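Taking it in order: structure first as structure tokens, then the write-up.
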Amino acid sequence: MRKNAAEIKIIKSPAALQKFSKKMQAQGKSIGLVPTMGALHKGHASLIEMSTKSNDITIVSIFVNPAQFGANEDFAIYPRRLKADVKLCATAGANIIFAPEPQAMYPLPLQTFVRNPSIEHLYCGKYRPTHFAGVLSVVAKLFNISLPSKAYFGEKDFQQLHLIKKMVHDLNFPVKIIGTKTIREKSGLAMSSRNEYMTQKEREAASSIYAGMITAKKTGKSLAELKTIIQKKIQQAGGKIQYIEIANKSDLMPAKTTKNSVILLACYFGKTRLIDHLEL
Ligand code: PAF
């Protein structure tokens, strides 16, 4: 249900949120968690709305997690705008925002990590070697702090979603992971907080990512042909490819055929790194 920003409670302490969540659980209330790094957009709003429909309490975590950024990445410049985020969360019907400082989440350097050595070095992990250990570890912490029965993630970060589902399965977290379809701009560009790094011209050119994948899906026959179609389309628009791979949807291992597979890619428009995917 739509709320005013003033009705949303902002909790900054992990201990305080855990206490609140335990109380809600004791009262038999279900908790939905939407983990985010803030700079929220329509994609996040749809996750929050989905959570409010099937949970008594929806918690949105807003935490730019230093553990998932590499040394030369965009941690320092990642957009932070809590006031606007609170408004979006209220409109989407969230009850609680969990917005801890890094010092509260990591009072001491983290020594214990959740890792998936089978997949963390593939695709995005090849270029961001510590990224997925940082993501899985903070998501595990967020689950233990918020005690959700359901947690909502966008399919946009396809490899991330796969790794989170695998973590929950392998480690028996009592949380149902709900993945939701990627929300796209009219041009086809996948919504992302990082889109705002781009100039208008780069943003328009970046629509070639989705267009390339759609053309490849329609006309490409072999795996190699599919990749070449996408590569050409992105390069013609001025983009720089980091990787284009095709993986099995089930285990995310490199695909041998296009059947039940997914295109995964990362590329640059200007200085902005974008990722996207399309199921085949
Ligand atoms: O997808 C994101 O925004 C982040 O990787 C997540 C899941 C909130 C963990 O920091």
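The values are calculated or read from the model by the stated rules, or taken from the named source; none is laboratory data. The model shown is predicted, which means the values in this text are computed figures rather than measured ones. With ideal geometry, Cβ positions are generated from the backbone for all residues, glycine too; neighbour counts draw on all protein chains shown.
Here Ser13 does not fit the description of being closer than 20 Å to Val139 by Cα, of a type in the set (Gly, Ala, Ser) and within 16 Å of the ligand (Cβ to nearest atom).
Here Leu40 passes the criteria (1) more than 14 Å from Ser149 (Cα to Cα); (2) modelled with pLDDT of 95 or more; (3) surrounded by fewer than 21 Cβ atoms within 10 Å (Cβ to Cβ); (4) touching a Ser or Thr at 6+ places or on another chain (Cβ under 9 Å) except the one numbered (3). A residue that is in a helix (DSSP H, G or I), of a type in the set (A, V, I, L, M, F, W, C) and under 18 Å from His131 (Cβ atoms) occurs nowhere in region 37-57. Within region 48-65, the set of residues being near the ligand (Cβ under 10 Å from one of its atoms) and touching a residue at least 40 places away in the same chain (Cβ under 8 Å) comprises Ser61, Phe63, Asn65.
Note on region 155-207: residues that are small (Gly, Ala, Ser) and either more than 26 Å from Gln235 (Cα to Cα) or touching a Pro at 6+ places or on another chain (Cβ under 8 Å) (or both) amount to 2. Pick from region 106-122 the residues that are in contact (Cβ under 8 Å) with a residue 24 or more places away in the chain and in contact with a Leu (Cβ under 9 Å, 6 or more places away or on another chain): which of them is farthest from the ligand (Cβ to nearest atom)? The selected residue is Leu122. If you scan region 57-87, which residues turn out to be more than 17 Å from the chain's Cα centre (by Cα) and buried (at least 19 other Cβ atoms within 10 Å of the Cβ)? Matches in region 57-87: Ile57, Thr58, Val86. A residue that is within 11 Å of the ligand (Cβ to nearest atom), surrounded by fewer than 20 Cβ atoms within 10 Å (Cβ to Cβ), outside any loop (DSSP other than H, G, I, E, B) and without any contact (Cβ under 8 Å) to a residue 60 or more places away in the chain can be found somewhere in region 136-159. Looking at the structure I just gave you, is Ser61 within 24 Å of His131 (Cβ to Cβ) and among the small types (Gly, Ala, Ser)? Criteria met by Ser61.
In region 230-247, the residues that are under 16 Å from Phe158 (Cα atoms) form Cβ pairs under 6 Å with partners that are part of a loop (DSSP other than H, G, I, E, B), at six or more places apart or across chains, as follows: Glu245/Tyr123; Ile246/Ala255; Ala247/Ala255. Within region 256-279, no residue satisfies the criterion of being surrounded by 19 or more Cβ atoms within 10 Å (Cβ to Cβ) and assigned to a loop (DSSP other than H, G, I, E, B). If you filter region 110-130 down to residues that are of a type in the set (D, E, K, R) and within 12 Å of Gln242 (Cα to Cα), you find that the one that is surrounded by the most Cβ atoms within 10 Å (Cβ to Cβ) is Arg128. Applying the criterion of being part of a helix (DSSP H, G or I) and small (Gly, Ala, Ser) to the residues of region 88-109, the residue that is nearest to the chain's Cα centre (by Cα) is Ala92.
When Gly179, Gly188, Gly125 are checked against the criterion of being assigned to a strand (DSSP E or B), away from the ligand (no atom under 11 Å from the Cβ) and not aromatic (Phe, Trp, Tyr), Gly179 stands alone in meeting it.
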